[in-house]
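Undergrad: Structure incoming, see below.
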Amino acid sequence: MKVYITSDDNAGISPEEAKTIGISLVAMPVIIDGVIYYQNRSLTDETFYKKLTGGANVSTSQPLPQDLVTMWDELLKQYDQIVHLPMSSGLSMSCQMAKTLAETPPYAGKVFVVDNHRISVTLKSSVYDAIALAKKGFTGEQIKDTLESDAYNSSIYIMVDTLKYLKKGGRITPAAALFGEVLNVKPILKIEGEKLDAFKKVIGTKKAKLVMLEAIEHDLNTRFKDIPAEELSFAIAYTYDLDEANNFKKMVQEKFGAKYIMMDPLSLSIATHIGPGAVAIAVSHTFNPNISKLHE
């Protein structure tokens, strides 16, 4: 049984990395003032953030169905099954669209869409998990069931500089929206399941980072206490400010003694709704304990 793994840009995997690890990505459209762009193809990070902060009308859309089925059609000429990992169904309609396509001929029984409520660095971890499981001989259906059964063994805490972009895109719950805009207040949001939700609001970036570290420590001592340490993957995601992300990485290493930490920028399709100046920490259960070492 030859099983192939696909995902989308929201996993934060570059085209070069995708080629190296042997997967395919479907492009997520970013729409700026009515024109459709694609990250790493027709849109640079510098241009994107200039447009976003300069007041351009920036939005996102799910992948075009034709792009997805064209990718699948080509792959099914060489492989028996495909496992597709889109971003969480709670944050995008792209997952439901992929599920609907996968349930119709000729894809039914050949394409398996995973909805394990992951996004960004946690979705990337799941992609690597899927690759590892496929190498162990798991079928597409077994990979899907394994990853979905582990859906809630993941936490993300995100400090955003402003709620402006999340409110505009409707990507936060009403509770999170109530945080409002107060000078130097840094809202901290969490993903523990499908949706972004409110966690805390604190004064200042330094305090916000400490609160996120405390939240992860609490999860390690409660929700994840029965998971072996070598099966937990630490990761950091950020928008635009690499120096700030590197500083936070050092804090995580000092706090938890984690030698290997994945760190990737959020995809532009996610950054559209988060805005610049955001930083996040995530911990996920992984079926591929070597994943973090790939990002030493």
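Undergrad: Please find, within region 73-104, the residue that is surrounded by the fewest Cβ atoms within 10 Å (Cβ to Cβ) out of those that are of a type in the set (A, V, I, L, M) and part of a loop (DSSP other than H, G, I, E, B).
TA: Per the criteria, the residue is MET93.
Undergrad: Next question, about the same structure. Residue check: is MET212 over 14 Å from the mean Cα position of the chain (by Cα) and buried (at least 21 other Cβ atoms within 10 Å of the Cβ)?
TA: So MET212 fits the description; yes.
Undergrad: Residues of region 25-50 being outside any helix (DSSP H, G or I) and basic (Lys, Arg), which ones?
TA: Matches in region 25-50: ARG41 only.
Undergrad: Let me ask something else. Please enumerate the residues belonging to region 161-179 that are of a type outside the set (Val, Ile, Thr) and either at pLDDT below 60 or outside any loop (DSSP other than H, G, I, E, B) (or both).
TA: Hits for region 161-179 are LYS164, TYR165, LEU166, LYS167, LYS168, GLY169, ARG171, PRO174, ALA175, ALA176, ALA177, PHE179.
Undergrad: Say we look at region 130-160 and pick out the residues that are surrounded by fewer than 16 Cβ atoms within 10 Å (Cβ to Cβ) and part of a loop (DSSP other than H, G, I, E, B); which of these is modelled with the lowest pLDDT?
TA: TYR152
Undergrad: Among the numbered conditions (1) without any contact (Cβ under 8 Å) to a residue 60 or more places away in the chain; (2) under 19 Å from ILE119 (Cβ atoms), tell me where LEU64 comes up short.
TA: Single failed check for LEU64: (2).
Undergrad: Here is a follow-up. I need a count of the residues in region 1-48 that are over 19 Å from VAL121 (Cβ atoms) and surrounded by fewer than 17 Cβ atoms within 10 Å (Cβ to Cβ).
TA: So the answer is 15.
Table: residues versus (1) in contact with a strand residue (DSSP E or B) (Cβ under 6 Å, 6 or more places away or on another chain); (2) closer than 15 Å to ILE191 by Cβ.
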site: VAL83; (1), (2): yes, no
site: GLY90; (1), (2): no, yes
site: PRO106; (1), (2): no, no
site: ALA132; (1), (2): no, no
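The values are calculated or read from the model by the stated rules, or taken from the named source; none is laboratory data. For clarity, every value in this text was computed on a predicted model and none was experimentally measured. Using ideal geometry, Cβ is built from the backbone for each residue, glycine included, and neighbour counts are taken over all protein chains shown.
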